[in-house]
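The values are calculated or read from the model by the stated rules, or taken from the named source; none is laboratory data. Worth saying up front: this structure is predicted, and the values here are computed from it rather than measured. Quick reminder, even Gly has a Cβ in these numbers, built from the backbone with ideal geometry, and neighbours come from all protein chains shown.
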Amino acid sequence: MFLHKEVPLYQDIRQGTFVPADELETIREEYHLIERIAPEKAGANILYDGFHDFIHVRVRGHPPGDKEKMLAKLNGIIQEYEGKEPVYSFVQGECPDLEYCDDGKAVWDMDRKTS
């Protein structure tokens, strides 16, 4: 979850009335999601693409074929960050339209190749 200082929930965090998940907790949740995902049961072909900007990790693959590789990557990150100070995803600086923050590129298109 990305939180910007202008979002009311951000003020709840500052006041101590809401505690967000830290990045390690989010990665653990992602691990459990991938562990349980079974697109083959529905006859689906999916591309999973998960990223964490604040600890710089990205997990991408086609379950079930890439599931073990994806889980191993997440497990390595979990082991690396266990016992460390929690990292939270807060948007820094001014970004009035979160969809167009980086050089005019839409966040959702940043990873796509252009011709």
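Within segment 41-59, which residues are closer than 17 Å to Val87 by Cα and among the basic types (Lys, Arg)?
Arg58
So which of Lys5, Lys41, Lys67 ends up being over 23 Å from Ser89 (Cα atoms) and either touching a residue at least 12 places away in the same chain (Cβ under 8 Å) or among the acidic types (Asp, Glu) (or both)?
Lys67
Mind listing whichever residues of segment 50-64 are within 30 Å of His4 (Cα to Cα) and either free of Cβ contacts under 8 Å to residues at least 24 places away in the same chain or in a helix (DSSP H, G or I) (or both)?
Once the filter is applied, which keeps residues that are within 30 Å of His4 (Cα to Cα) and either free of Cβ contacts under 8 Å to residues at least 24 places away in the same chain or in a helix (DSSP H, G or I) (or both), segment 50-64 yields Gly50, Phe51, His56, Arg58, Arg60, Gly61.
Anything in segment 1-12 that is modelled with pLDDT of 80 or more and either surrounded by 11 or more Cβ atoms within 10 Å (Cβ to Cβ) or outside any helix (DSSP H, G or I) (or both)? List them, or say none.
Listed by number, the residues that qualify are Leu9, Tyr10, Gln11, Asp12.
For residues that are out of contact with any strand residue (DSSP E or B) (no Cβ under 9 Å at 6 or more places or on another chain), part of a helix (DSSP H, G or I) and at pLDDT below 90, tally how many sit in segment 13-25.
So the answer is 1.
Search segment 41-58 for residues being β-branched (Val, Ile, Thr) and within 23 Å of Gly76 (Cα to Cα), and hand back the single one that is modelled with the highest pLDDT.
My answer is Val57.
Does Ile46 satisfy the condition of being part of a loop (DSSP other than H, G, I, E, B), surrounded by 14 or more Cβ atoms within 10 Å (Cβ to Cβ), out of contact with any strand residue (DSSP E or B) (no Cβ under 7 Å at 6 or more places or on another chain) and aliphatic (A, V, I, L, M)?
No.
Check Ile27, Ile34 and return the single one that is in contact with a His (Cβ under 8 Å, 6 or more places away or on another chain) and either free of Cβ contacts under 8 Å to residues at least 60 places away in the same chain or loosely packed, with under 14 Cβ neighbours inside 10 Å (or both).
Ile27
Taking Gly76, is it surrounded by fewer than 15 Cβ atoms within 10 Å (Cβ to Cβ) and either in a helix (DSSP H, G or I) or at pLDDT below 60 (or both)?
It is true that Gly76 is surrounded by fewer than 15 Cβ atoms within 10 Å (Cβ to Cβ) and either in a helix (DSSP H, G or I) or at pLDDT below 60 (or both).
If you check Glu85 against the conditions, is it more than 15 Å from the chain's Cα centre (by Cα), modelled with pLDDT of 90 or more, part of a loop (DSSP other than H, G, I, E, B) and acidic (Asp, Glu)?
yes
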